[in-house]
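Taking it in order: structure first as structure tokens, then the write-up.
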Amino acid sequence: MLRRIVRVLKRIPFDLGQYELRRTTKGKKIAFALVGPGEEKKALDVGCREGYWTEKLKSKGYQVVAIDIEPHYAEGLRVDANQALPFAESEFDLVWCSEVIEHLNNPAFTIAEFKRVLKPGGSLVMTTPNQKFWIFRLIEALGISMQRLENETHTYFFSYSDIRALAGDGDFYGYFPYLLLKMRISGAAPLLSP
């Protein structure tokens with residue numbers, strides 16, 4: 001029942017996230033815009049699933065290694081991101097990890113692995129839901145847990161500050177998801193961005 005309500009809400013001009021919108025949400029567009037040209041560079045797509053983002057990274061010139069615990073992509077390698085990654089130190093210029101970190105058993109371990117396989121000066125681009133988004137807070141105040149609304153395979157429900165603490169130094173963005181005005185934000189992101 002709650003999932004049906006969420007599907008109906010997604011028809012209103014709010015950009016709240018995943019499922020059918022997993023490729024078109026403003027958050028994904030912001031993240032992908034952060035990815036620079038990839039000529040002569042190597043990227044790791046963590047959680048590649050059907051390879052959509054792998055192909056987008058290739059279109060920017062990257063040589064891409066695509067991994068997933070259950071890849072549905074012909075070139076995808078079966079790798080469990082809960083374990084040590086089977087790659088050398090400093091192997092990748094970019095690690096792309098979109099809507100995966102919240103599914104893992106030990107995100108701190110996995111992020112340390114991302115940093116291990118990144119070259120010095122490389123980029124880690126991640127996306128994950130912000131559980132302190134004001135609408136989510138309101139829903140929880142009504143006694144509805146986010147565990148009931150979000151993907152049932154989420155093991156972590158991060159706030160903006162949780163991710164900042166896990167990832168360390170870097171740029172952190174959210175997006176303003178309302179009506180026709182959808183834009184990248186940083187200062188008010190902990191409260192305003194899903």
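The values are calculated or read from the model by the stated rules, or taken from the named source; none is laboratory data. A quick note: this is a predicted structure, and the numbers were derived from the prediction, not measured. We place every Cβ from the backbone using ideal geometry, glycine too, and count neighbours over all the protein chains shown. These area figures cover heavy atoms from the full protein model, side chains too; ligands, DNA and RNA do not enter into them. Shrake-Rupley method; radii C 1.70, N 1.55, O 1.52, S 1.80 Å.
Extents of the chain, largest first, come to 48, 33, 31 Å (Cα atoms, principal axes, whole angstrom). Of all DSSP bridge pairs formed entirely within the chain, close to 25 percent run antiparallel.
Once neighbouring chains are kept in place and the probe is 1.4 Å, which whole percent of the accessible area of the chain is contributed by carbon and sulfur? About 56 percent, which is the carbon plus sulfur part of the accessible surface.
Phi angles of the range 85-95 translate, via the Karplus equation with coefficients 6.51, -1.76, 1.60 and θ = phi - 60°, into HN-Hα couplings of 6, x, 10, 6, 4, 6, 8, 10, 7, 9, 10 Hz per residue; Gly and Pro are given as x.
Among rounded, prolate and oblate, which fits the range 51-125 when a ≥ b ≥ c are the square roots of the eigenvalues of its C-alpha gyration tensor, a/c under 1.5 means rounded, and a/b larger than b/c means prolate?
Values: a/c = 1.62, a/b = 1.10, b/c = 1.47.
It comes out oblate by the Cα gyration axes.
Of LYS56/LYS182; LYS119/LYS182; LYS42/LYS132, which pairs sit farther than 30 Å apart, going by alpha carbon to alpha carbon? Distance filter (> 30 Å) returns LYS119/LYS182; LYS42/LYS132. Provide the net charge surrounding PHE157, with neighbours chosen by a C-beta distance below 9 Å and charges set as Lys +1, Arg +1, Asp -1, Glu -1. Its environment carries a net charge of -3.
Look at the dipole of the chain built from charges on Cβ: of THR110, ILE69, ALA33, the Cα furthest out on the positive end belongs to ALA33.
Once you sort the root eigenvalues of the Cα gyration tensor of the range 81-121 as a ≥ b ≥ c, which label holds: rounded (a/c under 1.5), prolate (a/b larger than b/c) or oblate (the other case)?
It is prolate, given that a/c is not under 1.5 and a/b is the larger ratio.
Taking all Cα pairs closer than 8 Å and separated by 6 or more residues, the relative contact order of the range 129-194 comes to 39 percent.
Classify the range 96-177: rounded, prolate or oblate, from the alpha-carbon gyration tensor (a ≥ b ≥ c, eigenvalue square roots; a/c under 1.5 rounded; otherwise prolate if a/b is larger than b/c)? Before the final figure, lay out the partial values.
Numbers: a/c = 2.68, a/b = 1.80, b/c = 1.48.
Taking the square roots of the gyration eigenvalues as a ≥ b ≥ c, the range 96-177 is prolate.
Close amide H partners of PHE92, meaning residues 5 or more places away or on another chain with modelled amide H under 5 Å apart, are LEU118, LYS119.
For the chain, the membrane-span-like helix rule (DSSP H, alpha carbon extent of at least 27 Å along the helix axis, mean Kyte-Doolittle at least 1.6) picks out no helix; this says nothing about an actual membrane. The residues of the chain present an accessible area of 54 Å² per residue when probed at 1.4 Å with all protein chains retained. Across the chain, the mean sequence separation of Cα contacts (distance under 8 Å, 6 or more residues apart), normalised by length, yields a relative contact order of 20 percent.
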